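Below is one structure; the comments refer to it alone.
The values are calculated or read from the model by the stated rules, or taken from the named source; none is laboratory data. Worth saying up front: this structure is predicted, and the values here are computed from it rather than measured. FYI the Cβ positions are ideal-geometry reconstructions off the backbone, even for glycines, and counts take in every protein chain you see. Ligands, DNA and RNA are stripped out before the accessible areas are found, and what is left, the full protein with its side chains, is counted by its heavy atoms. Shrake-Rupley method; radii C 1.70, N 1.55, O 1.52, S 1.80 Å.
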Amino acid sequence: VCSSDLVFDPETKVLLEKEIGDVLWYLNSLAMEIGSSLDHAARLNNEKLLDRMNRGVLQGSGDTR
């Protein structure tokens, strides 16, 4: 599903944004617990995806492709 295919009414959008905020709070707490940050995790993920793209293995499953 492409994000442009999803349509949410304004009330649902606000509820989803609040839930996303909760998830971010938990993720940030976990990152801090291990001495990291969301920023660092995002940078690592971008590097991982760029590496997969350069090797032509962006599709598929698993983390060690």
Q. Summing +1 for each Lys or Arg and -1 for each Asp or Glu, what net charge is found among the other residues whose Cβ lies under 13 Å from the Cβ of ALA41?
A. -1
Q: Tell me the chymotrypsin sites (Phe, Trp or Tyr not before Pro) within region 4-49 that lie in a loop according to DSSP and have at most 16 other beta-carbon atoms within 10 Å.
A: PHE8
Q | Solvent-accessible heavy-atom area per residue, rounded to whole Å², over region 1-44 at 1.4 Å | A | 91
